[in-house]
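Engineer: Pasting in a structure now, in structure tokens, and then I'll have a few things to ask.
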Amino acid sequence: MSLERTLVMAQHNIRLLLGDPGPAVIFILTPLLVMAILRDTAEVVLVQEGFAGANGAEQVVPGFTVMFSFFWVAFVGRTFFVEHGWGTWERLQSTSATGVEVLAGKLLPAFVAIAFQMVLLFVLGALLFDLDSAGPILALALVAVPLIGAVLAFTVAVVGVVASLQQMEAVANLVMMLFAALGGALTPVFVLPTWAQEISPATPSYWALKASNEVILEGEGLSAVWGPAAVLVLFTAAFLLLAVAAFRMADTKAVA
């Protein structure tokens, strides 16, 4: 694997990501707006649960940060289909770059972008909504890395399974909403119906938010983060296996 070729591919995909102004609204302004709307409701729920000093930011900031990280599945997935529509995907295959280098160059900028989004939303959550963590919030970095890995591995798996842009967006949006609703991004898991609480652990969102709750609300540290981080690594591995089985560089994808 050539680092130089991978970086060339990464530069190409940075142009694809930055060429659309939509992410500034979708990934930053929209979650902040939703946080502002739902923070007071989250405060009532948390106080009733026994967190007397909570102001709601402890739920909405990590919750919508996790939720909107999965919006990248559709956005990054779309870049694959755009390349097919432009005919550049075939030209990429005719170069000396391997499939691994092409994928690494496509996913590396997305990894950095998602990490930046997460950090920015937490910083703005502290500044705008008075988010105050009872534990060391930097411990959540241990969860953020495998969570981003799970998002990107799932993206490649979805692109490999579906045949058209419309199918990819439908699957990505459906799964994003399911992960958000069942994982506790929209509301704490403990207020969900019993049947939903029982299947919540089957979503990566659940484990990311379990770690954030234990750090931010319970005041726990790294010892409480290792377990959820390990589960997220397993999710990433499972999505990677699906991606390896389904994704083929030579497959043709329909844009229209």
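Engineer: With respect to Gly149, determine if the residue is in a helix (DSSP H, G or I) and either more than 21 Å from Leu240 (Cα to Cα) or modelled with pLDDT of 90 or more (or both).
Structural biologist: In short, yes.
Engineer: With a cut-off of at least 1 residues that are closer than 20 Å to Pro62 by Cβ and either among the hydroxyl-bearing types (Ser, Thr, Tyr) or touching a strand residue (DSSP E or B) at 6+ places or on another chain (Cβ under 9 Å) (or both), name the helices (runs of 4 or more DSSP H) lying wholly within the range 152-240.
Structural biologist: Counting at least 1 such residues, we get 204-212.
Engineer: Of the conditions (1) surrounded by fewer than 18 Cβ atoms within 10 Å (Cβ to Cβ); (2) within 24 Å of Ile37 (Cα to Cα), Leu209 clears all except one; give me its number.
Structural biologist: All conditions pass for Leu209, except number (1).
Engineer: Looking for something within 30 Å of Val102 (Cα to Cα), small (Gly, Ala, Ser) and surrounded by 22 or more Cβ atoms within 10 Å (Cβ to Cβ) - is there at least one such residue anywhere in the range 50-72? Let's see the steps before the verdict.
Structural biologist: From the range 50-72, those within 30 Å of Val102 (Cα to Cα) are 65-72; that's our starting set.
Narrowing further to those that are small (Gly, Ala, Ser): 69.
Remaining after also requiring surrounded by 22 or more Cβ atoms within 10 Å (Cβ to Cβ): 69.
Yes, there is a match, as at least one residue in the range 50-72 is within 30 Å of Val102 (Cα to Cα), small (Gly, Ala, Ser) and surrounded by 22 or more Cβ atoms within 10 Å (Cβ to Cβ).
Engineer: Can you go through Val145, Val162 and tell me which one is within 23 Å of Glu220 (Cβ to Cβ), out of contact with any Phe, Trp or Tyr (no Cβ under 7 Å at 6 or more places or on another chain) and of a type in the set (A, V, I, L, M)?
Structural biologist: Within the list Val145, Val162, the selection yields Val145.
Engineer: Now for a separate question. Can you say whether Ala153 is of a type in the set (A, V, I, L, M, F, W, C), farther than 18 Å from Ser212 by Cβ and loosely packed, with under 15 Cβ neighbours inside 10 Å, as far as the supplied structure shows? Working first, answer last.
Structural biologist: Details: of a type in the set (A, V, I, L, M, F, W, C): yes; farther than 18 Å from Ser212 by Cβ: yes; loosely packed, with under 15 Cβ neighbours inside 10 Å: no.
Judged against the criteria, Ala153 is not a match.
Engineer: Return only the number of the condition from (1) among the aliphatic types (A, V, I, L, M); (2) more than 18 Å from Phe70 (Cβ to Cβ); (3) surrounded by fewer than 22 Cβ atoms within 10 Å (Cβ to Cβ) that Ile199 does not satisfy.
Structural biologist: Going through the list (1) among the aliphatic types (A, V, I, L, M); (2) more than 18 Å from Phe70 (Cβ to Cβ); (3) surrounded by fewer than 22 Cβ atoms within 10 Å (Cβ to Cβ), Ile199 breaks only (2).
Engineer: Moving on to the next point. Mind checking which pairs have a first residue in the range 42-64 that is at positive phi and a second that is among the charged types (D, E, K, R), Cβ under 7 Å, 6 or more apart or different chains?
Structural biologist: Here the result reads Gly56/Arg39; Gly56/Asp40; Gly56/Glu43, each pair linking the range 42-64 to a residue that is among the charged types (D, E, K, R).
The values are calculated or read from the model by the stated rules, or taken from the named source; none is laboratory data. Computed from a prediction, not measured in an experiment: that's the story for all the values here. FYI the Cβ positions are ideal-geometry reconstructions off the backbone, even for glycines, and counts take in every protein chain you see.
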